[in-house]
Each structure stands twice: as structure tokens, then as C-alpha cells.
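The structure appears right after this line, and notes come after that.
The values are calculated or read from the model by the stated rules, or taken from the named source; none is laboratory data. Model, not experiment: these values are computed from the prediction. So basically every Cβ, Gly included, is an ideal-geometry build from the backbone, and we count neighbours across all protein chains shown. All accessible areas refer to the heavy atoms of the entire protein, side chains included, with ligands and DNA or RNA removed. Shrake-Rupley method; radii C 1.70, N 1.55, O 1.52, S 1.80 Å.
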Number of protein chains: 2
Amino acid sequence: MDLIQRVEAGRGEFLLFALTPPRHDTDRERAQEIADTTLARLRPVGLDGLILYDIDDETQRNPAERPFPFMPTLDPADFLSDNLGTWETPVIVYRAVAKYDAENLRAWLAAQDPARLMTVLVGAASSGTQARTSLNDAQTLRREANPNLATGGVAIPERHSRREDEHLRLLAKQDAGCRFFVTQVVYDINAAKNLVSDYHYECQRRGIPHAPIVFTFSVCGSMKTLDFLRWLGIDVPRWIENDLEHAADPLAASYQQALTTATELMAYCRTLGVPFGINVESVSIRRVEIEAAVQLARELRAELGR
Amino acid sequence: MDLIQRVEAGRGEFLLFALTPPRHDTDRERAQEIADTTLARLRPVGLDGLILYDIDDETQRNPAERPFPFMPTLDPADFLSDNLGTWETPVIVYRAVAKYDAENLRAWLAAQDPARLMTVLVGAASSGTQARTSLNDAQTLRREANPNLATGGVAIPERHSRREDEHLRLLAKQDAGCRFFVTQVVYDINAAKNLVSDYHYECQRRGIPHAPIVFTFSVCGSMKTLDFLRWLGIDVPRWIENDLEHAADPLAASYQQALTTATELMAYCRTLGVPFGINVESVSIRRVEIEAAVQLARELRAELGR
């Protein structure tokens, strides 16, 4: 069973790795070099699939200054078709739907092979954003243009801590056709467990099957990475900041934290019978952080069933 | 090295078990039966010491109704001298100082053997409480009446999440003579790590040694226990409540959570070089919950150095 069949069957225990495409001004040859280096690094991990993020200029998400200036990246769909053709397992391509007009989105959705690709449709980061296409409209387009193309949605445990209704948002997305969910980077184990738990018991109450929830983990080895994660709205705990300022090996501490949190969440989901996947994300462009993320994926591979 | 020598040397890796004395109206024979059963259960665990709580009527702590009516218990100091004489390792006796007038407290402090007993002085739960003795005065009494008697203080990670100054409170208590700290039950791993981290780096900055921090864990296997923990001011996460309402074996889930959180905190403290102890508390009077707490202590014993 490959990743897509697994998601269709509502089965979990799969491993993904998430990439951000190279900058928009990267030339063709350099983009291919980056792709080749990345795939060579990832092939031995035994991934069930790749995630390609679609980076939007989210300056409206947060009035604070963006820690890194916004750099448009290559379109993940183009990066996939132009540079990642030799990758063997399915790929999940994100679409920040506010960036695209309806015709452009419809054409892309219609052209995708549902046996090879899935998509995650992401709405505008802020309701103040001028969206070319709303998340609702994008979901409708997907159903019309390519009904067999499996679609996922984002899940935000931190929002559940504040509003206590993220499980209902997931169920509404599921009604609209979502077959899986992907979280942002998980630091707060109890927030994640609370979301899984509320989602599980609400599925049970309604008598509907679970969609797999993919938990994202990363390492944070530099102050810039920390600032960026916080700017993205992730509650990175203070002890990680302290370690970054003082500790001999903060990267090792954040690696250990991610490993432990992932292992505990996996055990918890298994106890409840909620299907889950693991996604490891490399946030930074520093080589040591990328390599730590790949190592994290390898170590989590060993913890997953098949 | 026994527990008291270890604390004096600022060394951690010790294991405690906390008991609440029997109800005040328990007759002498029944109190001895309870003590004998408890000690027989605890002897095989290999504890470095016992904690005896001093329960105060804390109705002023919280305007909500107390889930269990307040039941005065035997004085832990009396329970120790009358019924626990055969226990081999040191005992930490709590004193809810607001309950005692200064002379009573001074006499008790003066009579204790510093080679066999330590005390934790706890201030009034709310500033609105009419306190017979304040925490400050109790600390002064201890220094005057029995300067060699090692004293501990309470540490509250949840308060650190709200006010971000709990590490400074610990350092003030340390200045007043505290040689160790004991937390309330830990559910929020990041709150505990944030406190340890801030405490550690502030000790480093001031060039003073750490006092061992004792982390308390428990199991929660019934709705009454959950209500009581929440009433005491502990943030028990929602997923535990859900499990209690729905899951086949909520006690097992809360056991697993305690074990994982303890293991992760131990690893984190070792990385930083902060000395720590582990305290397992039995909150409930249900036999199955008591036995799970004892089993948790046995399992954590194996994780501790000597």
C-alpha cells in the first residue's frame, strides 16, 4: 500500500518529509542541483512521501516584522515537475489558494494524477488578506475539476488551546472532502493530545471514520529559526530559547524534545486508535539543522509500523 | 549516602513517595493497620525517603466548592512518630505553617533529628487566609530552633507559566535556607522545563549551586481524582478528562503520561546538570490507583542513577 492508498483507507503509520522549494530567482541548473542533493539525502530514509510547501507572503498574518525578508520561492508544482521527477513515492503539494485565481487553480488541479499526488489547500493566513480564491471555493474547484484527487487540510493544536473548537473545524473540512490533516510544528504535547482526543471522541459520537492526522516535527538550532517559528505563530517554549542562548548543544536538546514528543504522541494515537502520520520539516537552510532533521526522520522511521 | 546527605551535597537522582496521613478520627489500631499496609507496599520499591503531607482546609484557596469535603487528617508528625517508626529511610514532613502558632511550631522544629527528618514549610494557600504563622516567620523559627534541620520549599511550574518569576521565588527561598524544592503534580512538561531552565541559568548567572528540584507525579484514574486535582490548582489536561469519560483504561493512559513526562524531565535535567528527585504521590484512596502509583514508583526507580 502506498501513501495515497493508505490515506484513502484511513490508515496511518506513515512518514513524510517537508521541503520548501528553492528561491524564485534560482536558475534551472542550480535548482536541479538542490533537488538532487536533497533527494540523495532523503532516499535512504524510507519516506512514504514528500510534502512541498507553498510559501505565501504572510506579512498580513503578523504586524511584527518578518525575521527573514519574504523570498518568493519556485512554485512547488513546477519544482516537482521540473526537478523532482525521479522521486519514487507520492508527493503532497501545498496550494496557498489566496495566491491563485480560480482558473489557474482549476487547471492545475485538473492536470494532477491522483495516483501520484495529493494536495493540501491552505486558506489566507489572515482574514484581512485580499484572497484571489477562498478556501471554500478552492475545495469546490477540487471536487469539480478532479474529484479523485485526495486533499488534506491544516490542523493547529495551539488554536485548539485558545478556542477549543479546532476538532470541529477538522470535521467541517472532512465534510468538505479532506482525507487527512497536517499540523504545524508540535511543541506542546498536551495541546496536540487534547486536539486528537476531542477529535476522536467527536468522530465516535458522530459515527464517522477518522482521517489520518499528520504531526509535524522539526529541530530548532538557531535564534533565527526560533524567531521565524514564533513569527509563524508557533509557541516555541522558553526553555528552547534559553538553551539556544546558553547550552553547548541546543540542536541536540531540540532534537531530543522532538523525538520524545513524537514518540509519546504516536503511543497516544495508537491507544485511541486514531491513524496518524509523522512529518519532519526542515525549517532552516543551515546544513547542520537540515542533517539533524533528516536524522530525526530516520530515527522516527524505526518507531513506525508498516 | 542517604537522602539527607544527598540533599546537603546538592545531589539528585533520588526517589520519594508521598502519603497523606489517615483521617483525624481514625482510631489508633486502624491507623497502625493503614501504616503497616502502606509500608509493606512501599518497602520493595527501594525509596530514598517518604513525604508526609500536612493537609490544610484550603477552602479559601478557591471559591468553587471543594469536590471532597475537607477531612482533617492526623498530624503527619504524630503519624510518623506513632505509626511509622519502623520505616528505614529519612522522612520529609510538611508543615502548613498557617495552622500552627509560633510556639507549637518552634517546639516541633526543635525536637526533630536532622539526621532522620527534613521538613517542607508551606505558606497559606491564599493571602486572604488568617495565618497563625507566616512562611517568613516559620523560616526564621527553623533557623533559630534547629539550624541543622534541612528545609524544602514548594515549586509551582504553572505559576511560572503565568508570571514567569517562579525561578526568582525559588532563589529567594534558597536564600532563606531552602535546600530542595518539591513541585505539585506535573502535567505540563514545557512549564516544568521552562522553570528548570530559567532556574538553572539564573543560578549560573549568580554563581550559586542548584538545590535539587523534586518533581511530583501521580496517576489519575477517576473523575473525583481529576476534580480534586483541578480544585487544588493543577492544570489537568482535557485529554485526561476525555479518557476518564470514554476510554477503556484511563488509569493506564495517565500512568503512561506520567512515566513519559518523568523520563523526559529526568533526561532534560541531566543535560543541564540540574540535580533532581522524583516524588510519586498517591492522591486517591482507591486501591487500584494506589497500586498504580506504587508501580509507577518502581518503574521510575529503574530509571534513576544511584
Selection within region B:133-166 - in a helix (DSSP H, G or I) and either touching an Asp or Glu at 6+ places or on another chain (Cβ under 9 Å) or of a type in the set (Ser, Thr, Tyr) (or both): B:140, B:157, B:158, B:159, B:160, B:161, B:166
Taking residue B:125 and the conditions (1) over 19 Å from residue B:210 (Cα atoms); (2) hydrophobic (A, V, I, L, M, F, W, C); (3) touching a strand residue (DSSP E or B) at 6+ places or on another chain (Cβ under 8 Å), which numbered condition does it fall short on, given that it satisfies the others? (3)
Please specify each residue of region A:254-279 satisfying the condition of being within 9 Å of chain B (Cβ to nearest Cβ) and touching a residue at least 24 places away in the same chain (Cβ under 8 Å). A:257, A:261, A:263, A:264, A:268, A:272
Subset of region B:208-258 (residues that are of a type in the set (Ser, Thr, Tyr) and modelled with pLDDT of 90 or more): B:216, B:218, B:255
How about region A:244-253: which of its residues are surrounded by 16 or more Cβ atoms within 10 Å (Cβ to Cβ) and in contact (Cβ under 8 Å) with a residue 12 or more places away in the chain? A:244, A:250, A:251, A:253
With the requirement that a residue be in a strand (DSSP E or B) and either aliphatic (A, V, I, L, M) or over 18 Å from the mean Cα position of the chain (by Cα) (or both), what does region A:96-124 give you? A:96, A:117, A:118, A:120, A:121, A:122
Residue selected from region A:190-216 under the condition open to solvent by 10 Å² or more (accessible area, probe 1.4 Å) and within 20 Å of the chain's Cα centre (by Cα), by the criterion farthest from residue A:11 (Cα to Cα): A:190
Within region B:229-248, does at least one residue satisfy the condition of being within 10 Å of chain A (Cβ to nearest Cβ), under 18 Å from the mean Cα position of the chain (by Cα) and not charged (D, E, K, R)? yes
Subset of region A:143-157, residues of a type in the set (Gly, Ala, Ser) and open to solvent by 10 Å² or more (accessible area, probe 1.4 Å), comes to A:145
Has region A:220-227 got any residue that is charged (D, E, K, R) and part of a strand (DSSP E or B)? no
Criterion (more than 30 Å from residue A:248 (Cα to Cα), within 19 Å of the chain's Cα centre (by Cα) and free of Cβ contacts under 8 Å to residues at least 60 places away in the same chain) met by exactly one of A:151, A:140: A:151
So which residues in region B:167-213 are assigned to a loop (DSSP other than H, G, I, E, B) and not aromatic (Phe, Trp, Tyr), if there are any at all? B:176, B:177, B:186, B:188, B:207, B:208, B:209, B:210, B:211, B:212
So, in region A:254-306, how many residues would count as being surrounded by 18 or more Cβ atoms within 10 Å (Cβ to Cβ), touching a strand residue (DSSP E or B) at 6+ places or on another chain (Cβ under 6 Å) and assigned to a helix (DSSP H, G or I)? 8
Those residues that are of a type in the set (Val, Ile, Thr), more than 14 Å from chain B (Cβ to nearest Cβ) and closer than 14 Å to residue A:275 by Cα, I need them from region A:184-219; list them, please. A:208, A:214
From B:169, B:179, residue being in contact with an Asp or Glu (Cβ under 8 Å, 6 or more places away or on another chain) and either open to solvent by 50 Å² or more (accessible area, probe 1.4 Å) or away from chain A (no Cβ under 14 Å) (or both): B:179
Kindly indicate whether residue B:219 is open to solvent by less than 10 Å² (accessible area, probe 1.4 Å), touching a helix residue (DSSP H, G or I) at 6+ places or on another chain (Cβ under 6 Å) and farther than 30 Å from residue A:245 by Cα. yes
Can residue A:7 be described as closer than 17 Å to residue A:118 by Cα, in a helix (DSSP H, G or I) and at pLDDT 95 or above? yes
